[in-house]
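Asker: Got a structure here, written out as structure tokens. Questions coming.
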Amino acid sequence: QVQLVESGGGLVQPGGSLRLSCAASGIIFSIFGMNWYRQAPGQQRELVAITNGGTTRYADSVKGRFTSSRDNAKNTVFLQMNDLKPEDTAVYYCNAHLGGMDFWGKGTLVTVSS
């Protein structure tokens, strides 16, 4: 059974930082592309960071502020988020992708507000 469990969300002030984690089980973690998406209230889910091979692409809105990384030994992917803005408020989802397979976590809420 595949499980992706996100953690690390919460309330943060503008300009602050958070580090999200996504722990995976039930997959051969190292061969999956591990990606991050987010969905703001009333909006569609959007890509935040997508990793293909050794390259990670970021949404223009988060470039220079967010960094995705992974620890294959711990089956975990991270999203370091710096200089957070109110428009970053969303539920953040972890995605594991390989060929025609996609698995999703349940998400973790990030709220950026003063």
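The values are calculated or read from the model by the stated rules, or taken from the named source; none is laboratory data. Treat the numbers as computed from the prediction; the structure is a model and nothing was measured. Note that we place each Cβ from the backbone using ideal geometry, even for glycine, and neighbour counts take in every protein chain shown. Protein only, heavy atoms only, side chains kept; ligands, DNA and RNA dropped before computing areas. Shrake-Rupley method; radii C 1.70, N 1.55, O 1.52, S 1.80 Å.
Asker: Starting from the Cα of Lys74, draw a straight line to each of the lysines and keep only those under 20 Å, dropping any in the same chain fewer than 8 residues away.
Answerer: Lys106
Asker: Starting from the exponent 0.38 and prefactor 2.2 Å, build the expected Rg for the stretch 12-57 from its residue count and divide its actual Cα Rg by it.
Answerer: That works out to 1.43 for the stretch 12-57.
Asker: Restricting things to alpha carbons, tell me how big the stretch 33-114 is in terms of Rg and Dmax, in Å.
Answerer: 12.6, 41
Asker: Here's another thing I want to ask about it. Per residue, how much accessible area does the chain show when a 1.4 Å probe rolls over the protein heavy atoms, in square angstrom?
Answerer: 54 Å²
Asker: Of the accessible area of the chain, with the probe set at 1.4 angstrom, what percent is carbon plus sulfur?
Answerer: Solvent-exposed carbon and sulfur of the chain make up 49 percent of the total.
Asker: Further question on the same structure: For the chain, the longest stretch holding no trypsin sites (Lys or Arg not before Pro) located in a DSSP loop with at most 15 other Cβ atoms within 10 Å is which? Let's see the in-between values first.
Answerer: Details: sites that count: Arg45, Lys63, Arg65, Lys106.
Longest stretch, sites excluded: 1-44.
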